[in-house]
Amino acid sequence: MLRLENVSKNFGGLPALSDVSFDIPQGKLTALIGPNGAGKSTLINCMTGVLQTTSGRIRFRDIQIETLPPHQIARLGIARTFQNLKLFPRLTVLDNVLTGLTCEGGKSLVMAMFRLPYLRHRERSLKLRALEALDRFGLADKANWPAGVLAYGDKKRVELARATVGKPELILLDEPVAGLNAEETAAVGEQLNLLRRAGHTMLLVEHDMELVMTIADRVVVLDSGRCIAMGSPEEVRRNPLVLEAYLGRTEAVA
Ligand SMILES: Nc1ncnc2c1ncn2[C@@H]1O[C@H](COP(=O)(O)OP(=O)(O)OP(=O)(O)O)[C@@H](O)[C@H]1O
Ligand SMILES: [Mg+2]
């Protein structure tokens, strides 16, 4: 569904990504793992038009997207969550989730003037969908709270509701369970599993290896901006390069 070909990204001459190439196959959950600073978030930012690649190509279905702005990429059906939460704190939880449906809102002012009943109906149905998305993540009872007052774990789940409400073709998740407790992690894992079984295509960036190993169809490993391994969770777990680059350092840190 999405293909990265030799994607490189430099920041002030320093490479954050070097020649990264891999595919995200349709209907599968691909996990992207690697130590801190490996380039995982940078890659998501390149795929969503937040950052411009220095070189290389990114193709979504038949469309080259590496030069498109974020709103056009979103309109193509690629949604994401952010590692550092990006909610509108003064808007309600429901309105935050509705921003995930902006592409499907009213078309024009003229239309709004002449087709008011239709638009009211449309608005109601969008709200209903946003409420359903909140319900999936156990947040329907907080729909009218300002997002800013929510606990951290709830904010993470509002982001997930917003990213999934529009039924995007591809969902990019940047550490969706970071900072969540075991119970919250299990609940989010279950939702991701449901999305996967419903045929959604996902890229999951995550440090929680237990979640990655149980949920991923394929794992891609980045280290210092380079793709050092890819394969099934089992293959990657046994790969000595991965053990050294990733698990080895984790042990050293622990
Ligand atoms: N806007 C930026 N300007 C300069 N350097 C950046 C910028 N964004 C990221 N970097 C650098 O690029 C490298 C990759 O960072 P990135 O945030 O993509 O890593 P990551 O794999 O997501 O790490 P983490 O697991 O900690 O989230 C790091 O060395 C980082 O310091
Ligand atoms: Mg990151």
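For the reader, a short list of remarks on this structure follows.
- Flag: ARG3 does not match the condition of being over 27 Å from LEU192 (Cα atoms), more than 16 Å from ligand 1 (Cβ to nearest atom), open to solvent by 20 Å² or more (accessible area, probe 1.4 Å) and part of a strand (DSSP E or B).
- Condition check for VAL188: touching a Pro at 6+ places or on another chain (Cβ under 7 Å), open to solvent by less than 30 Å² (accessible area, probe 1.4 Å) and closer than 18 Å to THR30 by Cα: yes
- Residue that is most open to solvent (accessible area, probe 1.4 Å), among those in the stretch 201-210 that are within 16 Å of ligand 2 (Cβ to nearest atom) and not in a loop (DSSP other than H, G, I, E, B): MET209
- Neighbours by Cβ (under 8 Å, 6+ apart or cross-chain): first from the stretch 171-192, at positive phi; second open to solvent by less than 20 Å² (accessible area, probe 1.4 Å) and part of a strand (DSSP E or B): GLU175/VAL205
- The residue of the stretch 68-119 that is modelled with the lowest pLDDT, among those that are in contact with a Gly (Cβ under 6 Å, 6 or more places away or on another chain) and either closer than 30 Å to MET1 by Cα or part of a helix (DSSP H, G or I) (or both), is ALA112.
- Whichever residue in the stretch 211-222 is open to solvent by less than 10 Å² (accessible area, probe 1.4 Å) and touching a Lys or Arg at 6+ places or on another chain (Cβ under 8 Å) and, among such residues, is farthest from VAL177 (Cα to Cα): LEU222
- For the stretch 131-155, residues that are in a helix (DSSP H, G or I) and either of a type outside the set (A, V, I, L, M, F, W, C) or surrounded by fewer than 20 Cβ atoms within 10 Å (Cβ to Cβ) (or both) total 13.
- Condition check for VAL158: in contact (Cβ under 8 Å) with a residue 60 or more places away in the chain and part of a helix (DSSP H, G or I): yes
- Unique match (being closer than 21 Å to HIS200 by Cα and not hydroxyl-bearing (Ser, Thr, Tyr)) among ARG57, ARG90, ARG61: ARG61
- Put simply, of VAL188, VAL177 the only residue that is touching a Phe, Trp or Tyr at 6+ places or on another chain (Cβ under 8 Å), farther than 14 Å from PHE88 by Cα and either outside any helix (DSSP H, G or I) or modelled with pLDDT under 95 (or both) is VAL188.
- Test result for GLY12, open to solvent by 20 Å² or more (accessible area, probe 1.4 Å), over 13 Å from LEU203 (Cα atoms), small (Gly, Ala, Ser) and within 11 Å of ligand 2 (Cβ to nearest atom): no
- Within the stretch 19-42, if we keep just the residues that are open to solvent by 20 Å² or more (accessible area, probe 1.4 Å) and among the small types (Gly, Ala, Ser), the residue that is farthest from ligand 2 (Cβ to nearest atom) turns out to be GLY27.
- Look at the stretch 18-40: where a residue is farther than 18 Å from MET213 by Cα and in the same structural domain as ARG61 (by TED's automatic domain parsing) and a partner is part of a loop (DSSP other than H, G, I, E, B) and within 13 Å of ligand 1 (Cβ to nearest atom), sitting 6+ places away or on another chain with Cβ atoms under 6 Å, you get SER18/GLY225; GLY39/GLY225.
The values are calculated or read from the model by the stated rules, or taken from the named source; none is laboratory data. Please read these numbers as outputs of a predicted model, since none were measured by experiment. Please note: Cβ atoms are built from the backbone with ideal geometry, for glycine as well, and neighbour counts cover all protein chains shown. Accessible surface is based on the protein model in full, side chains and every heavy atom, while ligands, DNA and RNA are left aside. Shrake-Rupley method; radii C 1.70, N 1.55, O 1.52, S 1.80 Å.
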